[in-house]
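Read the structure below first, then the notes.
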Amino acid sequence: MSNKPVIIPRTEHPISRKWISPNAVRVLYRLKESGHLAYLVGGGVRDLLLGREPKDFDIATDASPNEIKRIFRNCRLIGRRFRLAHIHFHDEIIEVATFRSNITDEPEAPAAAGAVVVPEPSAPAPGGEASPLLAATPVTSRPRPPRMLKTDDGMILRDNVFGTPEQDAIRRDFTVNALFYSIADYTVIDYVNGMADLRRGLIRIIGDPVVRFTEDPVRMVRAVRFAALLGFEIEARTYEALLEHKDKIALASPARMYEEVQKLFLLGEGEKTFQMMRHTGMFGVLFPHINAWIDTEADGFPQTWVGKALEWVDVCVQTGRKVEPHILFSLMFGKYIEEKWKRSRDTGMVPLDALEKAVAEFLGEVVPRVQIPRKAALAIRDILWNQGRFEKTQGKAPLYFLRRPGFADTFEYLRFTSEFTGERLELRAWWKDFIRSHPLVPGEAAPSAPAKGPARPGQPRRPDERKRRRRGPRRRGPKPLGPQA
Ligand code: ATP
Ligand code: MG
């Protein structure tokens, strides 16, 4: 199959080389001068066409990874699942991928553990290079790991078959993400009618939505992210399939989903994204317990906390403040955890034990779908535990607290919660003044370093702390808080 792409000449699109990272332009030209096709691809093209600043500049080419390595001295090949070239510059890495294909009609090798495989190509002749376009030829002798691997249900486990530019375009997720900008003649190459969707503001999956969402359920989450971020609508068939197959996002890898969730909520349109995730039911698939809690709350209204927290985060992001994932999650889920904490305290549990139980329970609930790291959970615990210290405004206590690592995160939580609840506003104002009148001496505290855990009476110090204490001067701060078992 070969369809002619629509070619949009330079005079009919706004992409100028001056908006592309100079390093990416260098890489594009170098590939072209070496006789290869060289296209800017993906979100970079989409964002430039929309007049937005791209997050990164990805390049696709017909050069194989080994050929790319030979062309660029500053190149490293990475990845087992996708063999990619990283071209290293002083302050930037440009990712270069060989055109790939999503073919599924290749000869099938015996499937391992219920998987359908397309075999690896045979090895290149000595001194020569197997053409990437001929990559999916059958195995001749020794079995190799398959380049294409799908489960019986059609979910892609591995996808590393080289292809033509057209195949590369149609294996991408959405039409607006599949446009190519060619450095040879500055045209935009459109195999999938992406330009029309870009003009109409539509997120449309390429191909059969059910097949494509089954192949990779994360695409459903990406659809919502792009729609919210770009202010686009999800095209009707894409949306219908998404509603019907949303439960499959539970099958995606929790580690990958953790990365995706950060992108959902940390790119400046988190609240809007959250509402779309709730509306489609996808939030409920990713966070079933928290979703149920949101639905069943106070005064006949669902909880507004999570949405308000995300509005807060959006303002931070939009005004250029970096929000770390553990702050995002404490803001989003703080009240949920606090309520668990209170329930345990009400049974007579020691407060710290009750908090640890609450955080552990929360982690146990979310980790099967979204693998929030334990380190982030510990940081959330510390942020909640240390809220009580804001009450101590007498003597040396405030200064000790201010100088603790993690103070800034803890204060961020107070800032949001006081805004949300209307409580502790005076306390927040007191601390704001105090912070202003006590600028940190450099090196005194690292505001966003992960805080140590809360102290337990009689708990032994870590060996390294004991040493430091013996040798160093008397600490000015409070007892270091010991790590938890
Ligand atoms: P962002 O602005 O978030 O970087 P992006 O579109 O560039 O958006 P990336 O995750 O950087 O997204 O991926 C680059 C490109 O790779 C996408 O534009 C798309 O063409 C393709 N792609 C990424 N993820 C998938 C996927 N799950 N399935 C198919 N194609 C994908
Ligand atoms: Mg990108």
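The values are calculated or read from the model by the stated rules, or taken from the named source; none is laboratory data. Remember, predicted model here, so these are calculated numbers, not experimental data. Please note: Cβ atoms are built from the backbone with ideal geometry, for glycine as well, and neighbour counts cover all protein chains shown. We work out accessible area using only protein heavy atoms, side chains counted, and drop any ligands, DNA or RNA first. Shrake-Rupley method; radii C 1.70, N 1.55, O 1.52, S 1.80 Å.
Points worth noting:
- Carbon and sulfur %, accessible surface of region 51-96 computed with the full protein complex present, 1.4 Å: 44 percent
- Flagged links, alpha-carbon separation over 23 Å, of Lys263/Lys308; Lys340/Lys375; Lys55/Lys272; Lys246/Lys322: Lys246/Lys322
- For Val317, net neighbour charge (Lys/Arg +1, Asp/Glu -1) across residues whose Cβ lies under 12 Å away: -2
- Burial order of peptide ranges 178-186, 58-66 (average beta-carbon count within 10 Å, highest first): 58-66, 178-186
- With all protein chains in place and a 1.4 Å probe, the accessible surface of region 286-437 carries 55 percent carbon and sulfur.
- Computed magnitude of the charge dipole of region 201-252 (debye, nearest 20; Cβ of K, R +1, Cβ of D, E -1): 160 debye
- In the context of the full set of protein chains, region 209-260 has a per residue accessible area of 38 Å² (1.4 Å probe).
- Protection proxy ranking of 211-224, 44-57 - average other beta-carbon atoms within 10 Å, highest first: 211-224, 44-57
- Per residue solvent-accessible surface (Å²) - region 286-437, probe of 1.4 Å: 48 Å²
- Across the options Ala354, Asn386, Leu310, the greatest Cα extent toward the positive end of the charge dipole of region 306-394 (unit charges at beta carbon of Lys, Arg, Asp, Glu) belongs to Asn386.
- Total formal charge among the other residues, if their Cβ is under 11 angstrom from that of Thr187, Lys/Arg +1 and Asp/Glu -1: -2
- Taking a sphere under 11 Å around the Cβ of Phe287 and counting the other residues whose Cβ falls inside, with K and R at +1 and D and E at -1, yields a net charge of +1.
- Magnitude of the charge dipole for region 286-437, about its Cα centre and with charges confined to Cβ atoms of Lys, Arg (+1) and Asp, Glu (-1), is about 700 debye.
- For region 201-252, with all protein chains in place and a probe radius of 1.4 Å, 52% of the accessible heavy-atom surface sits on carbon or sulfur.
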